[in-house]
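Below is one structure, written out as structure tokens, with a few remarks after it.
The values are calculated or read from the model by the stated rules, or taken from the named source; none is laboratory data. As the structure is a prediction and not an experimental result, all values here were calculated from the model. Using ideal geometry, Cβ is built from the backbone for each residue, glycine included, and neighbour counts are taken over all protein chains shown. We work out accessible area using only protein heavy atoms, side chains counted, and drop any ligands, DNA or RNA first. Shrake-Rupley method; radii C 1.70, N 1.55, O 1.52, S 1.80 Å.
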Amino acid sequence: MRYSEPITVGIDGSSSALAAARWAAHTASIHQTTLDIVFAIEPASPPLIEFAVPEAFFDAARLGAKAALNAATDVAFHEDPDLAPRTHIVTGSPRGALLSRSRTSSMVAVGASGTGRLTAAFIGSTASALTSHSVCPLAVIRETSNDVEPTGRVTVGVDGSPESLEALDWAAHEATDRAAELLVLSAWDATGFDHSHKAFTTAEHQIEGTLAVPVEAIRRRLPGLRVTTQIVNDAPVAALTKASADSDVVVVGSRGRGGFTGLLLGSTSQRVLHSAQCPLIIVP
């Protein structure tokens, strides 16, 4: 089962983390699974290690963690009163704590911005390592995501790579569980090419053929799912950003052919994560 393990959400006391907790609670409710809320207290920084750190330092950190967990629990309760989230305070780096949790979670969720301890690690220079090593899908939630009316659409970016086809399969089941339409989106940037040239038409047909086989397989396995395919002449980042405006979720794989997911793990990851107007899920 795809959601046989809990959904884990990492929080840091920020409003963005609370948005992630709310979204994770909603998703746990949809999939009827457990929600784990995790706050990681980082050990003393190197300059302090040389000195005896007062116990009050750690007492204050634990009090802050408990307050953040209580706030996140309240948000989860308001989303689903029947949900009984489990709270955890762990010692260590947030990145390490959540990567460890990814081994026993169906999904890990974080906010797209935060206090600098938790979510900054996910959208900063270590994004590649995190998405590469997470065992389960990673969801990055914008603070405004929960304020938007549902569109009933799950969008998945596909570039023909095995990883993007894994994302397609995952997104198809997610759309089914959410009773949503699945939009299979492929983007190729043909800027500078003559669109009237035969090679342009041939390339489009090749892309259509690449998508047709896995999409047809999805339709056979999930006959009740509404599936639409769309091939756009646009930069992958721009295409994903536009699609996020009318999607409940955008899904990509953690690796690709330099298109959707290759860019997510490269220099433009900040642009995609910050510009997406809906939750972004990266499937390993």
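Remark: pairs (first residue in the range 89-101, over 17 Å from Ala17 (Cβ atoms); second residue surrounded by fewer than 22 Cβ atoms within 10 Å (Cβ to Cβ) and among the aliphatic types (A, V, I, L, M); Cβ separation under 7 Å; 6+ apart in sequence or on different chains) = Thr91/Ile41. Among the residues making up the range 140-185, those that are among the β-branched types (Val, Ile, Thr) and open to solvent by 40 Å² or more (accessible area, probe 1.4 Å) are Thr144, Val148, Thr151, Thr176.
Number of residues in the range 220-276 that are open to solvent by less than 40 Å² (accessible area, probe 1.4 Å), more than 16 Å from Leu185 (Cβ to Cβ) and modelled with pLDDT of 90 or more: the value is 1.
Pairs meeting the criteria (first residue in the range 204-222 and over 12 Å from Val158 (Cβ atoms), second residue part of a helix (DSSP H, G or I) and open to solvent by less than 30 Å² (accessible area, probe 1.4 Å), beta carbons under 6 Å, at least 6 apart or on different chains) are Leu222/Ala172. Scanning the range 37-80 for residues that are in a loop (DSSP other than H, G, I, E, B) and modelled with pLDDT of 95 or more gives a single hit, Asp80.
For the range 83-98, taking the residues that are open to solvent by 40 Å² or more (accessible area, probe 1.4 Å) and not in a strand (DSSP E or B), the one that is nearest to His26 (Cα to Cα) is identified as Ala84.
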